[in-house]
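Worksheet for the structure shown next.
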Amino acid sequence: MDPIINLILFVCLGIASIVLSVLAVSAKRLMRAATYLLLVLICTAGFYLFLNYHFLAAVQVSVYAGGVVILFLFAIFLTSNENDVLRRHQAGRYLWGALAALGGIAVTTFALVKHQFIYGDNQSMVGDQEIDMKVIGEALMGTEKYQYLLPFEVLSILLLAAIIGGILIARKR
């Protein structure tokens with residue numbers, strides 16, 4: 001694709017991600033905040049596609065946008081009334097939140113400016129290279145060092161506990 005089109009798409013995706021992130025944390029209705037979060041996670045998948053990480057983009061959409069946000073929506077449906085509106089906080093909380101955001105931006109900018117990226121001059125890292133699916137599958141389902149079968153199973157137990165908790169909350173009504 002043309003580099004100018006890539007740049008325009010990247011800037012549009014970045015602006016959409018920033019605007020949707022702000023809307024997700026400032027929405028007055030909880031359902032809208034969860035919807036904005038879903039759209040932010042889809043924008044993140046778009047960033048992965050720009051990096052040619054197609055598998056990671058698919059995982060982002062299926063696990064986070066598809067699974068975690070749906071779990072959030074179930075929790076919202078089970079624990080809130082139809083017309084619940086989030087209450088406004090004191091101005092001091094907004095000030096502390098803005099200071100924390102500025103601090104995070106400052107630390108990130110400092111790290112980006114001072115860090116020497118090792119892949120800058122490495123020509124093997126340039127281009128359309130992607131990790132083989134067999135390597136990813138062996139890393140996810142292996143039991144050796146630096147393989148992730150145990151964390152995968154622990155996560156499945158955690159999600160099962162969350163689903164059982166949601167059912168218990170729903171039964172109490």
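We did not get these values from a lab; they are worked out from the coordinates using the rules stated. Remember, predicted model here, so these are calculated numbers, not experimental data. Here Cβ is always computed from backbone atoms with ideal geometry, including for glycine, and neighbour counts include all displayed protein chains.
Applying the condition of being in contact with a Gly (Cβ under 9 Å, 6 or more places away or on another chain) and in a helix (DSSP H, G or I) to segment 42-59 and asking which residue is surrounded by the fewest Cβ atoms within 10 Å (Cβ to Cβ) yields Phe47.
Which of the residues that make up segment 91-118 are assigned to a helix (DSSP H, G or I) and among the polar types (S, T, N, Q)? If the condition is that a residue be assigned to a helix (DSSP H, G or I) and among the polar types (S, T, N, Q), then Thr108, Thr109 are the ones that fit.
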